[in-house]
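Q: The structure's right below; bear with me while I get my questions together.
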Amino acid sequence: MATNDLSQMPFLTKLANTFRGLAMDAIQRANSGHPGAPMGLADAAAVLTTRFLKVCPSRPDWPDRDRFVLSAGHASMLLYGMLHVMGYDLSLEDIRQFRQWDSRTPGHPECDVTPGVETTTGPLGQGIANAVGMALAERMLAARFNRTDREIVSHTTWVFAGDGCMMEGVASEAASMAGTLGLGKLVVLYDANGITIDGGTDLTFREDVGRRFEAMGWHVQEVDGHDHDALEIAFVNAKEETARPSLVVAKTHIAFGSPAKQDSSSSHGAPLGVDEIRATKENLGWPVEPEFLVPDDVHDFFAKRNRTMTKEADWWDMKMAEVEKDDPDLFAEWKRFQDGEVPDPLPLPEFPAGEAVATRKASGACLSAIADAVPFLVGGSADLAGSNNTDFPGNEVVTPSNFAARTIRFGVREHAMGAMANGMALHGGFRPLVATFLVFSDYMRPTLRLAALMDQPVVSVFTHDSIWVGEDGPTHQPVEHVAALRAIPSLVVLRPGDATETAVAWDVAMRHTDGPTALILTRQGLPTLDRNEVASADGLRRGAYVLAGGDDDPEIVLMASGSEVSLALEAGRALRSDGVKARVVSMPSFELFEAQDEAYRESVLPAACTKRVAVEAGIRQGWDRYLGLAGKFIGIERFGASAPGAVVAEKFGLTAERVLAAAREFGSR
């Protein structure tokens, strides 16, 4: 069938079938992928891209563009088809390379690979939660920069999500937060096709999703997901609802149009097959050949729409030029938020030597001190603000009537908190901060991993970092968590040893903009070291540094992080009083240390010195690379116990005496 045989097909149907054809052909060529969801969602995509989505493909980073998030990331070929026909820098050849090595069309959308992809999705539910963060960022920027006579921030965050997203807990956490905050510029289309990998959703998922979202404060509509008029009306209604986020429950058929596989789980995660693709195209009235067909009038439509969107983006530029002229201070502040440039130096506090200060309290003092210098830093805690010390000065809390505040109350929602922070960072304009107890970093692990995968500069504050939590017992005493965080590629973990190191850690965290940072902080007070007697805390910037005993050829090296640094320092003094050349090394960050050149690492940990002791209130994992075969580790290889913190530490051998004894066990070897 020739292309001109499609002349009688309604345009939206033609566009939807274009998306279906591209998905079927690319997935078949790759012999891998998920055709069912793209085929079912194609009609909604046709309506959204032609009539609602405010984007400018020639300027994919236009700040006031709409954000589109494909939370059901396995349907990536739908998104790639959308981006191609809309005119983004994504060619048909890119689509032909779907799921191939080094292609711009990976198996799940990746924000740093494909132009127009706003966030990396795949783990279900994460996309919705990212979108809640994006919608919150939009409202918070609007509150700061819009004026009654000039609106420079006004865009919608759109989401396509599936049954799997609705089952995942992170989506419910984030949806609850969105309803509480009344994020009226958030629209989620729920692809309710009733199919999962294992079969029909009634096997495991029988709730009324619409009523659940209504209970969380959402505006809910239900439509036929293949009825273009109904979809358009639903999207118009959602746009007009400004006080509540909107959920459009779209009843769809997975693998729409496939004679043998429509409404079957077999279409979810495998190519349809050559014969079924032929039958499907014939059933849809679509040419079997050529493959990867995009009709000329589809290209023509979006070329015209792109000219319109370019004019809209240019008009926005003109508004910003007026702002620069009429209100230069506001314009300068806008640039400051968008650029996220941290002043040098930061106005960080100093801490008197000898004073016992919990590093969580030192961190709170740092946050208060730098708040004015970095006004784009926003965020908060998962219902632990008083313990995490993460409230901003003034303690104004973000609410539906006060989006200009800086402190966000996330509630007991660690998973959504992390994902929302990722969304805020991806949106731009803010540097997000989140906080909870270290033991609950487990609840945030998927979002921490994605922040690292996407190189997003989210700062996570994790307090109550060890068995020193004491009486709360093993459920609240992190043992394996620091090691687990260090295992995440591109996540910089900082466990400062005193208040002064904490201040430097904050400076490092604020300047680390190509990935996330985790600050690991104590509940208990730590002695503030006298920097006239030991090395400057600026050594933290290099991950590890010689704190004391900087002899050229040490006989023994004592290593520690966090609250155990003072133990190693005390043991080192005792060894030196015995005439032993003992070196004490503070190791707050493995990641920063590994980034140093070999000469620096050798200068801190000389290979010739094999007598080494490491002490940390956690498991040994990760330390062996520095200990070598002969080294000794003092830590915890079991879960904690309930008792006063000092008692627990003594029982587990986390004392200067135990470090000293371990060092002396080497004898004169």
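Q: Per-residue counts of other Cβ atoms within 10 Å, averaged by peptide: what ranking do you get for 342-354, 388-400, highest first?
A: My ranking of the peptides, most packed first, is 388-400, 342-354.
Q: First obtain the Kirkwood hydrodynamic radius of the stretch 582-664 from its Cα pairs, then insert it into the Stokes-Einstein equation at 20 °C and 1.002 mPa s, and state the resulting D in µm² per second as a whole number.
A: D = 151 µm²/s.
Q: May I pose another question? State the dimensionless ratio Rg/Rh of the stretch 308-442 (Rg: radius of gyration of Cα atoms; Rh: Kirkwood radius).
A: 1.05
Q: Now for a separate question. Just report the Cα centroid separation between the stretch 47-118 and the stretch 295-329, whole Å.
A: The stretch 47-118 and the stretch 295-329 have Cα centres spaced 19 Å from each other.
Q: Can you tell me the dipole magnitude for the stretch 307-457 around its Cα centre, using point charges on the Cβ only (Lys, Arg +1; Asp, Glu -1), in Debye to the nearest 20?
A: The dipole magnitude comes to about 640 debye.
Q: Compute, for the stretch 506-593, the length of the dipole vector about the Cα centre, with Cβ point charges of +1 (Lys, Arg) and -1 (Asp, Glu) only. Units Debye, rounded to 20.
A: Roughly 220 debye for the stretch 506-593.
Q: Using only DSSP helix segments of four residues or longer, with each worth -39500 (n - 2.57), what per-residue ellipticity at 222 nm results for the chain after dividing by its residue count and rounding to 500?
A: -12500 deg cm²/dmol
Q: While we're looking at this one, here's another question. Over the stretch 519-669, what is the percentage of antiparallel beta bridges among all DSSP beta bridges, to the nearest 5?
A: The antiparallel proportion sits near 20 percent.
Q: Angle check, please: helix 414-427 long axis (alpha carbons) against the longest principal axis of the chain (alpha carbons), in degrees 0 to 90, nearest 10.
A: That works out to roughly 70 degrees.
Q: Please compute the length gained on full extension between F11 and F205, using 0.36 nm multiplied by the number of residues separating them and subtracting their Cα-Cα distance.
A: Full extension of this stretch gives 66.3 nm more.
Q: Need one word for the stretch 95-223: rounded, prolate or oblate. Basis is the Cα gyration tensor (sqrt eigenvalues a ≥ b ≥ c); a/c below 1.5 gives rounded, then a/b vs b/c decides.
A: oblate
Q: Which one of W158, A143, G182 is farthest out on the positive end of the charge dipole of the stretch 142-206, using unit charges on Cβ (Lys, Arg +1; Asp, Glu -1) and the Cα centre as origin?
A: After comparing all options, I get A143.
Q: Counting only other residues whose beta carbon sits under 9 Å from that of A617, what net charge do I get with K and R as +1, D and E as -1?
A: For residues surrounding A617, the net value is -3.
Q: So, with a 1.4 angstrom probe, what is the percent of accessible area on the chain that is carbon and sulfur?
A: 48
Q: Here's something else I'd like to know. Just to confirm my numbers, what's the Cα centroid distance between the stretch 451-486 and the stretch 593-650 in Å?
A: 17
Q: Which residue, chosen from T196, L293, I233, occupies the Cα position most advanced towards the positive end of the dipole of the stretch 193-297, where the dipole is computed from +1 (Lys, Arg) and -1 (Asp, Glu) charges on Cβ about the Cα centre?
A: Most positive-ward Cα: T196.
Q: Given Y626, V585, G640, which one lies farthest toward the positive end of the charge dipole of the chain, if we put +1 on the Cβ of every Lys and Arg and -1 on the Cβ of every Asp and Glu?
A: The residue sitting most towards the positive pole is G640.
Q: Please report, largest first and rounded to whole Å, the three semi-axes of the ellipsoid equivalent to the stretch 575-624, where each semi-axis is the square root of five times an eigenvalue of the C-alpha gyration tensor.
A: Value: 20, 16, 10 Å, ordered largest first.
Q: Just one of [x] 29; [y] 36; [z] 40 is percent of Cα pairs over 45 Å apart as worked out from the coordinates here. Which one is it?
A: The calculated read-out lines up with [x].
Q: Right, another one. Show me the chymotrypsin sites (Phe, Trp or Tyr not before Pro) within the stretch 45-127 that DSSP assigns to loop and that have at most 14 other Cβ atoms within 10 Å of their Cβ.
A: When the chymotrypsin sites (Phe, Trp or Tyr not before Pro) of the stretch 45-127 are filtered for loop state and at most 14 Cβ neighbours within 10 Å, W101 remain.
Q: If you don't mind, there's one more thing I want to ask. Summing +1 for each Lys or Arg and -1 for each Asp or Glu, what net charge is found among the other residues whose Cβ lies under 13 Å from the Cβ of T114?
A: Computed value for this residue: -4.
Q: Give, as a single signed number, the net charge of other residues whose beta carbon lies under 10 Å from the beta carbon of G515, with Lys and Arg counted +1 and Asp and Glu -1.
A: Combined, the nearby Lys, Arg, Asp and Glu give -3.
Q: Could you check the simple spin-label distance between H299 and V236, using points 7 Å along Cα→Cβ, in nm with one decimal?
A: 3.3
Q: Assign unit charges at the C-beta atoms only (+1 for Lys and Arg, -1 for Asp and Glu), then state the dipole size of the chain relative to its Cα centre in Debye, rounded to the nearest 20.
A: 820
The values are calculated or read from the model by the stated rules, or taken from the named source; none is laboratory data. Given the structure is predicted, the values throughout are model-derived calculations rather than measurements. Backbone-built Cβ (ideal geometry, glycine too); neighbour counts: all protein chains shown. In case anyone asks, the SASA skips ligands and DNA or RNA and just uses the protein heavy atoms, side chains included. Shrake-Rupley method; radii C 1.70, N 1.55, O 1.52, S 1.80 Å.
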